[in-house]
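A.B. asks: If you scroll down you'll find the structure; I have some questions about it.
Please treat every number below as a calculation from the coordinates, not as lab data. Everything quoted here is computed from the prediction, not taken from an experiment. So basically every Cβ, Gly included, is an ideal-geometry build from the backbone, and we count neighbours across all protein chains shown.
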Ligand code: HEM
């Protein structure tokens, strides 16, 4: 950047710290950090619910007893609730930084704005969830909105990530629309598995808060049949994923896309195993927490497959467009 009179008024150390910061805070890094912190907040939010730590810090914004941090009498509940609150600030800081860098770079501003706007929307829904004493349908919506936020952060990262020569070009030639359709189908069935999973939670013992009589708010559905439905749709998902991986192979897709399909299958199988174990061991909180983390991983792996099949199609579309322009 050329030295203007204005730049000279900024002290040298400030200028160099700013340029170091700009060098480190790139849009791809910030988008990736947005994914990570949003996954973390799902897991710590789950820990708050599963350990009944919602009032671990009895006051806000300080934790309680005039202290900003949890005091020993609040015990583990205080620490869990405090960690979740702190992470909220981190998420807000990360999405704001992402928006600022997107504006400065002039890239993907709309998407970064949508990502930033989704956080207050989630806070509002979270507030409503608390006000309704963890109404199970709102707890479901709160979880699913987090999945939508993770998807937004993923799409942002996908668009701005440094493009490695990872075989995308190979995927752009020779694909029929079947790959694209199966990518969308995988994503849709994964979303259905997540949504039904939250309905299982709402039907079970971890649905929400106990009322004054000690009764937990539930959605009134039968937990056994909801679990059966959840597991059935998981079987459909696993079948589709195997089909996808085989199709990718026979369609001559890049190794990266084939690997993305097998990776999704491996994560689904591990998550399915955790699901069965938690079901047969009467849903211990620790396994539910791991299952929530696994759900985020399955979602990210499905987004990865979907994005890769879509890239292929987009590139085909663009290259056709380019060819027809060249011909004209
Ligand atoms: C791809 C595989 C799977 C995914 C992505 C998945 C996803 C989910 C999600 C998102 C939830 C809701 C979490 C919450 O709101 O706290 C859930 C709950 C649950 N899932 Fe799965 N699941 C999978 C496989 C399975 C399988 C095979 C079973 C076996 C029956 C299972 C049993 C359960 C149970 C019992 C719950 C309720 C836990 C609770 O009460 O909090 N899951 N699952």
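A.B. asks: Please state the equivalent ellipsoid semi-axes for the stretch 26-162: what are the square roots of 5 times the Cα gyration tensor eigenvalues, largest first, in whole Å?
C.D. replies: Each semi-axis is √(5λ); the values are 29, 17, 12 Å.
A.B. asks: Let me ask something additional. Can you put 280, 154 in order, fewest other beta carbons within 10 Å first?
C.D. replies: 280, 154
A.B. asks: While we're on this one: Determine by what factor the alpha-carbon radius of gyration of the stretch 246-309 differs from 2.2 N^0.38 Å, reporting the quotient.
C.D. replies: Dividing the Cα Rg of the stretch 246-309 by 2.2 N^0.38 Å gives 1.33.
A.B. asks: How far is the Cα center of the stretch 69-144 from the Cα center of the stretch 221-242, in Å?
C.D. replies: 29 Å
A.B. asks: If you don't mind, there's one more thing I want to ask. Could you sort 40-52, 109-121 so that the peptide with the highest average Cβ count within 10 Å comes first and the rest follow in order?
C.D. replies: Output ranking for 40-52, 109-121: 40-52, 109-121.
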